[in-house]
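Worksheet: one structure, shown below.
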Amino acid sequence: MLDVRRLRVLREVAAQRSFSAAAEALSYTQSAVSQQIAALEREAGACLVERSARGVRLTEAGRALVTHAEVILARLADAEDELEAIAGLRTGRLRLAAFPSACATLMPLAVAGFRERHPGIELTLCPAEPDEGLRLLRAGEVDVALAIETTFARPGPDDVDRVHLLDDPMYIMLPASHRLAGRGRVRLADLADEAWMIGTTGHCPDASIFLRACQTAGFEPRMAFNLDDYNAIQGFVAAGMGVSFIPDLALITVRDDVVVRSLGARPPVRRILAATAAGAYRSPAKTAMLDVLVAVARDFGRRRTELALAS
């Protein structure tokens, strides 16, 4: 019989392509990982990995076993959830993933609200970009992942359920000395000749929103840098290297040497979603967290509207 713990080790070796990296991810020693793989090969009666100077790669048998391991480990996670449900919301665990700007805004309020209502549930939060959060969700390593709708437009299985939380409007970030810094609002077309800094195309979901908005405004943006960190982007904007989009959730901290300006009543938006595995058992803890996230997002959006009206 195959050992489930060893299947988990094999899956991590496949993901990391290295015994040492898998050991670090699992908090094992490299020797322990090697021993677990050797024992699993004896159980399977087949060679599962091939070692070389360039790392390790799965054999055909190893790839087949990892495919089944993903399903097995996900089903075990579902079983744990169901046992948790039998115990109610008194004990159990809930694993969350969220991208950085959501980690800084929505998640602290959601975690605090959830713990106040359900102190017996152990919560863990993994900071992860939307793509990585969905990978963790599909692998059964997290239970709820915050994502951005454009992430789902990319090729991949449509195997997650989604709950809409809020629409996150985009703003324009300019150097404080910019010729348009004195305006309360700017038009995107007025920035057609600027150098731009956005996330890595094909990786950052915000980049596709930005490119689509520029095309609608009638121009192809000229890129200065591709950066996936809004704090880093602020630094380059402040240095006069260009301008950038910035979503509302990323405005938790804004430098004094940049200005943020509205794009008007109908700006581009990021649709923020909470994702759970489709078809998986939805435990009371998952349902309760989704309810808390919806309430937190609603309150966040209402405060944003009140601030906009006051200004």
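The values are calculated or read from the model by the stated rules, or taken from the named source; none is laboratory data. Small disclaimer: the values here were computed from a predicted structure and weren't measured. Here the Cβ is made from the backbone with ideal geometry for all residues, glycine too, and neighbour counts use every protein chain on show.
Data table
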| item | result |
| --- | --- |
| Enumeration of residues in region 37-47 that are part of a helix (DSSP H, G or I) and touching an Asp or Glu at 6+ places or on another chain (Cβ under 8 Å) | Ala39, Leu40, Glu43 |
| Cross-chain or 6+ apart pairs with Cβ under 6 Å, region 236-249 first and touching a residue at least 60 places away in the same chain (Cβ under 8 Å) and among the hydroxyl-bearing types (Ser, Thr, Tyr), then buried (at least 22 other Cβ atoms within 10 Å of the Cβ) and not in a loop (DSSP other than H, G, I, E, B) | Ser244/Met173; Ser244/Met197; Ser244/Ile233; Ser244/Val237 |
| Residue selected from region 218-274 under the condition assigned to a loop (DSSP other than H, G, I, E, B) and of a type in the set (D, E, K, R), by the criterion modelled with the lowest pLDDT | Asp228 |
| Residue within region 115-128 that is of a type in the set (Asp, Glu), in contact with a strand residue (DSSP E or B) (Cβ under 6 Å, 6 or more places away or on another chain) and surrounded by 20 or more Cβ atoms within 10 Å (Cβ to Cβ) present | no |
| Residue check, Ala69 touching a Leu at 6+ places or on another chain (Cβ under 6 Å), over 22 Å from Val111 (Cα atoms) and either surrounded by 13 or more Cβ atoms within 10 Å (Cβ to Cβ) or modelled with pLDDT of 90 or more (or both) | yes |
| Filter result for Gly92 (touching a residue at least 12 places away in the same chain (Cβ under 8 Å) and on the phi > 0 side of the Ramachandran plot) | yes |
| Filtered residue count, region 140-165, keeping only those that are in a loop (DSSP other than H, G, I, E, B) and modelled with pLDDT of 90 or more | 3 |
| Check on Ser177, out of contact with any Pro (no Cβ under 8 Å at 6 or more places or on another chain), assigned to a loop (DSSP other than H, G, I, E, B), among the hydroxyl-bearing types (Ser, Thr, Tyr) and at pLDDT 90 or above | yes |
| Selected residue (criterion: surrounded by the fewest Cβ atoms within 10 Å (Cβ to Cβ)) from residues of region 9-51 that are basic (Lys, Arg) and on the phi < 0 side of the Ramachandran plot | Arg42 |
| Filter result for Glu41 (without any contact (Cβ under 8 Å) to a residue 12 or more places away in the chain and in contact with a Cys (Cβ under 7 Å, 6 or more places away or on another chain)) | yes |
| Search result, residues across region 106-144 that are free of Cβ contacts under 8 Å to residues at least 24 places away in the same chain and under 12 Å from the mean Cα position of the chain (by Cα) | Arg135 |
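Listed here are the residues, each with its yes/no results for (1) within 19 Å of Ala189 (Cα to Cα); (2) in the same structural domain as Val142 (by TED's automatic domain parsing); (3) among the basic types (Lys, Arg).
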site	(1), (2), (3)
Gly242	yes, no, no
Leu249	no, no, no
Val259	yes, no, no
Ser283	no, yes, no
